[in-house]
Amino acid sequence: MRLKMNPVHIITGILAATACGSLAIAALPGTKTGFAAQSKLDYQRDVRPIMAANCFACHGQDEKKRQAGLRIDARDAAYGKSDGGHVAIVAGKPMASAVYQRISAAGPLKMPPEKSGKRLTAGEIDVLKRWIAQGADYTPHWAFRPIRRPSVPAIQNPKSKIQNPIDNFVLARLLKDGIAPSPEADRYTLVRRVSLDLVGLPPTPQEADAFVNDHSPDAYEKLVDRLLASPHFGEKWARMWMDLSRYADSAGYGSDPLRPNLWPWRNWVINAFNRNPPYDRFVTEQLAGDLLPNPTQDQIIATAFHRNTMTNTEGGTDREEFRTAAVKDRAITTAQVFMGLTMGCAQCHSHKFDPITQKEFYRFMAFFNQTEDNDQPDERPTMPLYSDAQQRQIAALKTEMATLESSVPSSPEAKAALEKKKKELAAIAPVNLPVMKEVAVEKRRQCTTLTLGNFLLKGEPVLPGVPAAFNSLPPGAPASRLGVAEWIVSRDNPLTARVAVNRFWAQLFGNGLVVTEEDFGQQGTLPTHPELLDWLAAEFMTPTQRPNEPTTQRPAPWDIKRLLKLIVTSATYRQSSKAAASAIEKDPRDRLLSRYPRRRLTAEGVRDQALALSGLLSEKIGGPSVFPPQPAGLWQAAFNGDRTYPTSTGEDRYRRGLYTFWRRTVPPPNMATFDAPSREICTIRRIPTNTPLQALVTLNDPVYLEMAQALARRIAREGGATPELRSAFGLRLALGRPPKPEQIQPLVALYEKELAQYKTGIDLAKKLTTDPLGPLPAGMDPAEMAAWTVVSNVLLNMDSVLTNH
Amino acid sequence: MDYRLENTRAITRRTFFGQTGLGLGALALGGLLGDVALADNPKSKIQNPKSPNPLAPRKPMLPGKAKSVIYLHMSGAPPTLDLFDYKPELVKLNMQPCPDSLIKGERFAFIKGVPKMLGTPYKFAQHGHSGTWVSEVLPHTAGIVDDITLIRSLNTDQFNHAPAELFLYTGNAIAGNASMGSWLTYGLGSENQNLPGFVVLISGGTDPTGGKSVWSSGFLPSVYQGVQCRSVGDPILYLNDPAGMNRDSRRRSLDALDRLNEIEAKEYGDPETLTRIAQYELAYRMQIAVPEVMDISREPQHILDMYGAKPGQGSFANNALLARRLVEQGVRYVQLYDWGWDIHGTGTGDDLMTALPKKCKETDQAAAALIRDLKQRGLLDETLVVWGGEFGRTPMNEARGGSKYLGRDHHPHCFCLWMAGGGIKPGMVYGETDELGYRIVRDKVTIRDLQATILHAMGMDPYRLTYKYQGLDNRLIGPSAEAVVQKALFV
């Protein structure tokens, strides 16, 4: 018995196979990669990764790449006959299954083909054999199964605190591997941790002390409630949403012209996180606010979410080409952000791993393909937005004009006055926010598939539709973006709630329960705590009353702040991040959550915290983007368009990183170095790096030097009289906790050496303390202040300052 | 396992314990660091050495001659019909209406209606033993034809600058993918740990049209991002100590910082803390090494003269000389972008008669000097030098809006590019276009072929240099199987 194979097959087989996928077996810490020899094998966990990496590129879903008519990624196809009449898998009988025959063969029949560079290990061959012997059960992909609320595992005689069901799930998993959770972190650590996580700013020493000295049993809960109610909460969480939505203040591509009119949408996001509308509402308004009945201005503003796509204004470009690129991006980003699907793969060929055919991609894209915008330099259609002051001015002018118009007969003076008012009215310039708007019915586009995604190569016509492998469109849902939104937020959608809770979890723990936040498909990682993920998803959609919640009012579904509170009040979140040696050994990467995962702050987090510690931070919320100082000449190099970076003055130099003007081809360099993306396309997850260029930013960037200068002055003002007291004060401020003597000593020693040096170089001292912050306040000695500036520069670079722990 | 994350964790976790004098915790952390070895992806063939330094030199997959790349990009797309691809037939048809067959079904960026053919106004002659035809505007390049392979049959599928440059350097016309230099430093690391492994140098007044995305690390860890070195201000952003702080102060402050961070490392046992200590030390060393290598005034006068370099300028000549200094120091990939080659003929700023000779004058001597200089130092064998633009230009005069100036519109079908060193055959001409220089008739080399060929020259199998992201093993050459290494170009 042999499968038909010809030379063409071999060649395409190799190349296609190398293109897509090599995935080793996912092994959780504590489990052995070789898994228990005789246990029941799971298709998704044990078998699929092997076949996906080695077989599916040629024997999977993609009908164009499929070889020998053989498909082994789906039960019915694998159990049926190939073109050559062979049966790939005969359940229970490896020896009768073509798959096993070929992978265990020698010579030219061996699969995967020699030249593919892929090779199954003996262990992998054995897994496939045993799986077939055990009945070749194709269990569906976990994330595509409906969400069911798992029961909360009971913990007998817990040795550690259980705050809520999250802890039951986490503890149950830890106990399985014989790992003890870490004790609760001390209070200084906790208040800094949860402040950085919820509002993105460190607590003030007063706030920290207030919490540390609050001995009421609900002290921590009160702290969390205060942070959730802070107006800075919205800023922190909008930051995350900027990457997902690819928000920027420029249009992208080569010329990258400025786009100074999208910030009202960012305001909307900040307000939305603060107001806390249900997540389903939050999603729907951004995708289709304009299509809701009688949409409010706010609901239309929300739709600018998808006007963050790039516009190509380069001379000689084809508008339709880049309109198509933007529409494609909207479809891909929607699937990425809300469902964790890598749908973009299906634009050239059916998805190699997930159940999305090429035609289904274009059907999904068709929902988004009926908007008016078409890559215009002026970004039309837009909606004029007037500030409150402008609105008052307009109302007043209109009243005055009405009075003038109603005066009969009108005198020449009245006419002149009316003309003047008209001009004043016309001179009030709104911000024209790009928004989503459907084309008129008669202009609706015929949607088609596109060969290899090329806008010129139109294929068969398609109607809007959602991929068949998921829930169908809810009854009565329109064939529009609104229908997509209803489909996404439907409780039958297996992904939406899972993806959302995983994202919020990842923001609080560094990693999601599914590490590949961007891919819940079959190539993504498996959840470390599948039941916890599903419990959180179910609880997010259908909340149950918690003991600390008032019984007078039913908890609301899709409540983001409630979800965050649930997570940050868990004992799991409150653990110390000091690793016990045994926990390091058994759970080296902390995937089982035996401790709170230490992690470096984000680019914006590093900036915001340093501003706060130095006392320079502007607490102004919302508004247009600002231009904190950056090295001269970076915009000079832009291909064309604006080349002068209009550095902000005053308070706007010290705004949170969220508000820094984001030019896509020249993103703020000090943030890009800390892994901030260019925002040209949707970024679901920043991969943190640790590089020497980061050290250069926080040591030498004049922005950070200015913060060190300000911190030095603060230390001199508030820190006490002696170098010891001042060093301790600086450490207390930077670390958010009283320092240890061994931390104070190196700073005092540094201070004294620097002081001695700067006493003999007053000019240098003046330079170091005043450029760019400005003249020293009266009574401050340049040499002393220079020494404190050096110390402050060290403080802002400490690992424990740059890190949340 | 999430390879993207694991790989990053591993490779950004440098552990220069020895250099920091930090014996502490090393043993206790052994388990953690050992765990990092898990990041070795047995199938990706990327060597992930036990030393988790992301830029540590790694062995190539295949025996490749080249150790470094210097890519000289003429941003804007030079009109190679006026430089290398001599078409006497086109000269005969000068200013005749373009035949229908050439424009039917074609898209142009700016040409409207029936354009006129445009024969080159420049004289061509054959040079060297190879007898390669070169235009009079490149007298210096004419002198190195026996050291280069001239490819006259490049082909792309993009005809706007930004998408074409993105396609060439990242394998995708839409921004967001990893660039060639990032791929090579990811695959091979770099030989000098005190300098960035992937350096970008800009001349011509502006960035290339594709913007900074053409040296982005895309989905690769940001440590593989191209680092722009500048001739004005800090050679690398934030490299200089703040005004008023001297090296002694910086040293002392780093010593204090190290002490504080060591306390931290002891308390939390987090290897990232140790990595951070090491990265600060590396930053300190870079502060010395980068200005040294960037200081071309250290070169003898005859070398400066050879390139036409003048210290203190941001010129192509200076950048070409810098490129040599950088590869000499073991930098893996040096990318030059020289802007200003978009010869449309809308005025004297971008026309064939004024702008083109000016651009040639700015670059010709230095490009030739680079080849000669590498050769005389014995570096040419291990340095792959590439010269070219992002697409071709039409054999027709563009005459946008009735412009009287001569110029050519964007043309993706064919253009010339040259390569030298790194195992490339010297003195060869490869590929051919039709008699009007409109289409390729022999030995087409696509952008994907070019990418595959460059990776191959560096000892990397273009089909196996992969990085897992969003469930796919991404490659520079894209997901399809079309890229072919042009083996005929190699010795």
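Bear in mind these aren't lab numbers, they're just calculated from the coordinates by the rules spelled out. All values derive from a computational prediction rather than experimental measurement. Virtual Cβ from ideal backbone geometry, glycine too; neighbours counted across all protein chains shown.
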Response to the item:
Taking alpha-carbon centroids only, segment B:310-375 lies from segment A:115-157 a number of Å equal to 57 Å
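Count the DSSP beta bridges whose two residues both fall in chain A, then state the antiparallel fraction as a percent rounded to the nearest 5. Don't jump to the answer; show the numbers that get you there.
Working: 13 of 14 bridges.
Counting only bridges with both partners in chain A, antiparallel ones make up about 95 percent.
Exposure proxy check: B:Thr209, A:Thr770 ranked by fewest other beta carbons within 10 Å? Show your work: numbers first, answer last.
Working: B:Thr209 28, A:Thr770 18.
By the 10 Å Cβ count, ascending, the order reads A:Thr770, B:Thr209.
For the pair A:Ala106 and B:Lys59, what calculated FRET efficiency results from E = 1/(1 + (r/R0)^6), where r is the Cβ-Cβ distance and R0 = 22 Å, to the nearest 0.05?
Working: r = 31 Å, r/R0 = 1.39.
The pair B:Lys59/A:Ala106 has a calculated efficiency of 0.10.
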Discussion item. As I understand it, the dipole of segment A:576-704 uses +1 on the Cβ of Lys and Arg and -1 on the Cβ of Asp and Glu, about the Cα centre. Which of A:Val606, A:Met671, A:Ala581 lies farthest toward its positive end?
Written reply: A:Ala581
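In debye, nearest 20, what is the charge dipole magnitude of segment A:308-349 about its Cα centre with +1 on Lys and Arg Cβ and -1 on Asp and Glu Cβ, if you could check?
On the way: 4 positive and 5 negative charges, 36 e Å.
Dipole about the Cα centre, nearest 20: 180 debye.
Specify whether the C-alpha gyration tensor of segment A:658-720 places it in the rounded, prolate or oblate class, a ≥ b ≥ c being the square roots of the eigenvalues: rounded for a/c under 1.5, otherwise prolate if a/b is larger than b/c and oblate if not.
Numbers: a/c = 2.71, a/b = 2.23, b/c = 1.22.
Note, shape of segment A:658-720 comes out prolate.
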Discussion item. Just to be sure I understand the model, the point goes 7 Å from the Cα along the line to the Cβ. What's the resulting A:Lys415 to B:Arg298 distance in nm?
Written reply: 8.1 nm
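Could you compute the FRET efficiency for B:Asp157 and B:Asn240, with r as their C-beta to C-beta distance and R0 at 60 Å, rounded to 0.05? Before the final figure, lay out the partial values.
Numbers: r = 44 Å, r/R0 = 0.73.
The computed FRET efficiency comes out at 0.85.
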Practice prompt. Arrange A:Asp186, B:Asp364 by Cβ neighbour counts within 10 Å, fewest through most, would you?
Written response: A:Asp186, B:Asp364
Worksheet item: Straight-line reach from A:Lys398: which lysines have a Cα under 20 Å away, not including same-chain ones fewer than 8 places off?
Response: A:Lys415, A:Lys420, A:Lys421, A:Lys422, A:Lys423
Worksheet entry | Helical contribution to [θ] at 222 nm, DSSP H n ≥ 4, -39,500 (n - 2.57), averaged over the protein assembly as shown, rounded to 500 | -11500 deg cm²/dmol
Worksheet item: From the residues A:Gln391, A:Pro409, A:His351, which one has its Cα farthest along the dipole of segment A:339-438 in the positive direction, the dipole being from +1 and -1 charges on Cβ of Lys/Arg and Asp/Glu about the Cα centre?
Response: A:Pro409
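List A:Val441, B:Val441, A:Val801, A:Val484 from most exposed to least, where exposure is judged by having the fewest other Cβ atoms within 10 Å. Can you show the working numbers first?
Working: A:Val441 7, B:Val441 13, A:Val801 23, A:Val484 27.
Least to most surrounded, the residues fall as A:Val441, B:Val441, A:Val801, A:Val484.
What FRET efficiency, computed as 1/(1 + (r/R0)^6) with R0 = 60 Å and r the Cβ-Cβ distance, is obtained for A:Asp642 and A:Ile762, rounded to the nearest 0.05?
Working: r = 41 Å, r/R0 = 0.68.
In this case the efficiency is close to 0.90.
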Discussion item. Using +1 at the C-beta of Lys and Arg and -1 at the C-beta of Asp and Glu, which of B:Pro97, B:Gln486, B:Gln158 has the Cα lying farthest in the positive direction of the dipole of chain B?
Written reply: B:Gln486
Practice prompt. Filter the cross-link list A:Lys118/B:Lys468; A:Lys176/B:Lys468; A:Lys458/B:Lys444; A:Lys222/A:Lys620; A:Lys753/B:Lys266; A:Lys352/B:Lys468 down to pairs whose alpha-carbon distance in this structure exceeds 21 Å.
Written response: A:Lys176/B:Lys468; A:Lys458/B:Lys444; A:Lys222/A:Lys620; A:Lys753/B:Lys266
Discussion item. Using the Karplus curve 6.51 cos²θ - 1.76 cosθ + 1.60 with θ = phi - 60°, what ³J(HN,Hα) values do you get for each residue of segment B:317-327, in whole Hz, with x for Gly and Pro?
Written reply: 4, 4, 5, 5, 5, 4, 4, 4, 4, 6, 5
Discussion item. Can you compute 3J(HN,Hα) from phi for each residue in segment B:273-279, using the Karplus curve 6.51 cos²θ - 1.76 cosθ + 1.60 with θ = phi - 60°, rounded to whole Hz and x for Gly and Pro?
Written reply: 5, 5, 4, 4, 4, 5, 5
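Placing +1 at every Lys and Arg Cβ and -1 at every Asp and Glu Cβ, with all other atoms neutral, what dipole size does the protein assembly as shown have around its Cα centre, in debye to the nearest 20? Working shown, then result.
On the way: 153 positive and 136 negative charges, 496 e Å.
Approximately 2380 debye in magnitude.
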Worksheet, complete the sentence: Applying the gyration tensor rule to the Cα atoms of chain A (axes a ≥ b ≥ c; rounded if a/c under 1.5, else prolate if a/b exceeds b/c, else oblate), the class is oblate
Fill in: Other-chain or far-sequence residues with amide H under 5 Å of A:Glu184's (modelled H)
A:Ser576
Discussion item. For segment A:346-484, report the % of Cα-Cα distances exceeding 28 Å.
Written reply: 48 percent
Discussion item. 5 Å is the cut-off here: which amide hydrogens, built 1.01 Å from N in the peptide plane, fall below it relative to B:Met428, excluding neighbours closer than 5 in sequence?
Written reply: B:Ile148, B:Thr149, B:Leu150
Worksheet item: What shape does segment A:487-549 take by its C-alpha gyration tensor, where a ≥ b ≥ c are the square roots of the eigenvalues and a/c under 1.5 counts as rounded, a/b above b/c as prolate, and the rest as oblate?
Response: oblate
Discussion item. Can you give me the distance in nm between label points at A:Asp186 and A:Lys422, each placed 7 Å from the Cα along the Cα-to-Cβ direction?
Written reply: 7.4 nm
Worksheet item: Which value in nm describes the separation of the simple spin-label points at B:Lys404 and A:Ala74, placed 7 Å from the Cα toward the beta carbon?
Response: 6.8 nm
Item to complete: Read phi for every residue in segment B:178-189 and hand back ³J(HN,Hα) as whole Hz from Karplus 6.51 cos²θ - 1.76 cosθ + 1.60, θ = phi - 60°, with x for Gly and Pro.
Response: 7, 8, 3, x, 5, 4, 6, 6, 5, x, 10, x
Worksheet, complete the sentence: Computed for segment A:677-805: size of charge dipole around the Cα centre, +1 on C-beta of each Lys and Arg, -1 on C-beta of each Asp and Glu, debye to nearest 20, value 340 debye
Item to complete: Amide H neighbours of A:Thr660 under 5 Å, at least 5 residues apart or on other chains, H built in the peptide plane: list them.
Response: A:Val626
